[in-house]
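These notes are about the structure you will find just below.
The values are calculated or read from the model by the stated rules, or taken from the named source; none is laboratory data. Remember, predicted model here, so these are calculated numbers, not experimental data. Quick reminder, even Gly has a Cβ in these numbers, built from the backbone with ideal geometry, and neighbours come from all protein chains shown.
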Amino acid sequence: MTQPRPETLQKLTPVLTKRWLSPDAWKIDVYQQLDGYAALRKVLTGAPDGRGRDADPVHPDDLIKLIKDSGLRGRGGAGFPTGLKWGFIPQGDGKPHYLVVNADEGEPGTCKDLPLMMYDPHSLVEGVIIASYAIRASRAFIYIRGEAVHAARRLRNAVDEAYRAGYLGKDILGSGFDLDLVVHSGAGAYICGEETALLDSLEGFRGQPRLRPPFPATHGLYACPTVVNNVGTISSVPYIVLGGAAWWKSMGTEKSSGPMIYSLSGRIANPGQYECSMGITLRELIELAGGMQPGHELRFWTPGGSSTPLLTAEHLDVPLDFEGVAGAGSILGTTATQIFSDQDCPVYATYRWLEFYHHESCGKCTPCREGNYWMVRVFRRILAGQGTHEDLDTLLDTCDNILGRSFCGLGDGATSSVTSSLKYFKQDYLDYIEGRTAPKLSEKALVGAH
Ligand SMILES: Cc1cc2nc3c(=O)[nH]c(=O)nc-3n(C[C@H](O)[C@H](O)[C@H](O)COP(=O)(O)O)c2cc1C
Ligand code: SF4
């Protein structure tokens, strides 16, 4: 393992992760000792630093403006401007408004929301209360992945603590603002991370995406105005309230402000979460993670989970912000950087991801349901040493029929690794087809593959 240079270490900007190493930071007493609920006090009681009471409460519209000014963009994958989303909620419409936090975190390789909820659940709860106040919601939900039992338990405990401390329920901190918060566990389906499928699931239906328009901002949960935001997005809010928009913008790049939790996995010495200003490069992240594992050389990587096109060692210096990654032909996504080496096979990795998409496809639309089914079969054929040159055209043609023609982003995401691995690593495919690489799958995998 190599030690990062001091100038690279300075690129770490622990904001959302700053409490993670404090013992028992998930307990409300410790959280409060470490500035917890100061932002909420500032918003609801007017105390400038969260203590005392010598100014007016912050008006909900001023909060929305603050979030707009900070340039905060959603941490769930698409990077939509958060303040703009909150501003879409119609006011004075007489309908209930809802805040729904997307804690489904199912994208392969992604691991930032779960540790956030494990180590610092109160920052999410505090963010929920402030965001609900801003959009005038009196009921909020956190939809958490069914398998994440440990995080759900910790979150429910934090919600109970917040009720007991008077941060949730009726007349919060004497402000007249009421909020109830429900933690709801899903049943473990990747598609339920897609915001409209999540809303259907929350309403008790089978989780499948809804036709848009209408959008959740006007017809969301129970057909009422709803904001759906990622865990990281909402957890950022208390920090922006206390630190201000200019401070938040002092980190990151012009159009991608603030810090970001990059989750690093794969062939590196120290996998884990690294919070840095947006725009850091993979070269710097690998240095922070102690370098590649001994004997491994970087060959390909995902900048934001398996739904984002692969990049290669040529892209080590691409700034990892929304624009920089798009400029290199990929997507920042969930900043899940999965790192593969010269000892990993891009064809096999792509096949494993495709198995995932095929399994998780909800079946609502034909391009994704049928296209992924067929692509898995073509990959099995290639990996069993029985592929043909024509199979490569079939794969590209199938991707062409899925991308942009599917009902939701799952279908589009499934094609990313196929088209990008064929772009950068066509020779690896040819090596299987022309017999230079030994088959990775046995004949058994071919049942139904032709
Ligand atoms: C198949 C699919 C899965 C998704 N999974 C998640 C998820 O697990 N967590 C998440 O926050 N967003 C996920 N999204 C994105 C959400 O639809 C939505 O854009 C996001 O929750 C909005 O929050 P943000 O604006 O704070 O990023 C997914 C999208 C798709 C198409
Ligand atoms: S793209 Fe896939 S997951 Fe999305 S609606 Fe169509 S079948 Fe369902």
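Some points to look at:
- Breaking point among (1) of a type in the set (A, V, I, L, M); (2) under 26 Å from the mean Cα position of the chain (by Cα); (3) away from ligand 1 (no atom under 14 Å from the Cβ); (4) within 28 Å of GLN208 (Cα to Cα), for VAL325: (4)
- Per-region count, region 74-96, residues part of a loop (DSSP other than H, G, I, E, B) and either of a type in the set (D, E, K, R) or over 28 Å from THR302 (Cα atoms) (or both): 10
- Which listed residue, of THR334, THR394, is away from ligand 1 (no atom under 16 Å from the Cβ) and closer than 18 Å to SER416 by Cβ: THR394
- Residues in region 1-19 that are modelled with pLDDT under 95 and closer than 25 Å to PRO238 by Cβ: GLN10, LYS11.
- Leading residue by the ranking (surrounded by the fewest Cβ atoms within 10 Å (Cβ to Cβ)) among those in region 76-131 that are among the aromatic types (Phe, Trp, Tyr) and more than 19 Å from ALA197 (Cα to Cα): PHE88
- Restricting attention to region 141-161, the residues that are in a helix (DSSP H, G or I) and either at pLDDT below 95 or of a type in the set (Gly, Ala, Ser) (or both) total 3.
- ARG206 satisfies every condition listed in (1) of a type in the set (Lys, Arg); (2) within 16 Å of ligand 2 (Cβ to nearest atom); (3) crowded, with 20+ Cβ neighbours inside 10 Å except (3).
- Whether a residue is touching a Cys at 6+ places or on another chain (Cβ under 6 Å) and away from ligand 2 (no atom under 16 Å from the Cβ) was assessed, and LYS42 does not pass this test.
- Single unsatisfied condition, VAL149 versus (1) of a type outside the set (Asp, Glu); (2) in contact with an Asp or Glu (Cβ under 6 Å, 6 or more places away or on another chain); (3) closer than 29 Å to ALA197 by Cβ: (2)
- ALA445 being out of contact with any Leu (no Cβ under 9 Å at 6 or more places or on another chain) and more than 16 Å from ligand 2 (Cβ to nearest atom): no
- Residue match in region 371-390 (condition: within 22 Å of ILE331 (Cβ to Cβ), buried (at least 18 other Cβ atoms within 10 Å of the Cβ) and within 16 Å of ligand 1 (Cβ to nearest atom)): yes
- For region 321-366, filtering for residues that are in a helix (DSSP H, G or I), crowded, with 17+ Cβ neighbours inside 10 Å and among the β-branched types (Val, Ile, Thr) leaves 3.
- For beta carbons closer than 7 Å, sequence separation of 6+ or different chains, a first residue in region 79-106 that is in contact (Cβ under 8 Å) with a residue 40 or more places away in the chain and basic (Lys, Arg) and a second that is buried (at least 20 other Cβ atoms within 10 Å of the Cβ) and assigned to a loop (DSSP other than H, G, I, E, B), the qualifying pairs are LYS95/PRO225.
- Counting the residues of region 76-120 that are out of contact with any helix residue (DSSP H, G or I) (no Cβ under 8 Å at 6 or more places or on another chain) and more than 9 Å from ligand 1 (Cβ to nearest atom) gives 9.
- Matching residues, region 97-128, being more than 22 Å from VAL149 (Cα to Cα) and in a loop (DSSP other than H, G, I, E, B): HIS97
Yes/no per residue for (1) away from ligand 1 (no atom under 15 Å from the Cβ); (2) assigned to a helix (DSSP H, G or I); (3) surrounded by fewer than 19 Cβ atoms within 10 Å (Cβ to Cβ); (4) without any contact (Cβ under 8 Å) to a residue 40 or more places away in the chain:
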| site | (1), (2), (3), (4) |
| --- | --- |
| ILE240 | no, yes, no, no |
| LYS255 | yes, no, yes, no |
| LEU264 | yes, no, no, no |
| ARG283 | yes, yes, yes, yes |
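- For region 183-207, the candidate set comprises residues that are away from ligand 1 (no atom under 11 Å from the Cβ) and part of a loop (DSSP other than H, G, I, E, B); within that set, the residue that is nearest to GLU360 (Cα to Cα) is GLY188.
- The residue that is nearest to PRO303 (Cα to Cα), counting only those in region 399-413 that are near ligand 1 (Cβ under 9 Å from one of its atoms) and of a type in the set (A, V, I, L, M, F, W, C), is LEU410.
- Among the residues listed as GLY305, GLY290, the single one being crowded, with 22+ Cβ neighbours inside 10 Å, of a type outside the set (Asp, Glu) and in a loop (DSSP other than H, G, I, E, B): GLY305
- Consider region 367-411 and keep the residues that are in a helix (DSSP H, G or I) and aromatic (Phe, Trp, Tyr). The one that is farthest from ligand 2 (Cβ to nearest atom) is PHE379.
- Residue tally, condition of a type in the set (Ser, Thr, Tyr) and either surrounded by fewer than 19 Cβ atoms within 10 Å (Cβ to Cβ) or part of a strand (DSSP E or B) (or both), over region 308-320: 1
- All positions within region 51-73 that are more than 16 Å from ligand 1 (Cβ to nearest atom), among the hydrophobic types (A, V, I, L, M, F, W, C) and in a loop (DSSP other than H, G, I, E, B): ALA55, VAL58
- Number of residues in region 165-203 that are within 11 Å of ligand 2 (Cβ to nearest atom) and either hydrophobic (A, V, I, L, M, F, W, C) or closer than 26 Å to LEU84 by Cβ (or both): the value is 7.
- Within region 344-388, the only residue that satisfies the criterion of being farther than 17 Å from THR415 by Cβ and of a type in the set (Phe, Trp, Tyr) is TYR348.
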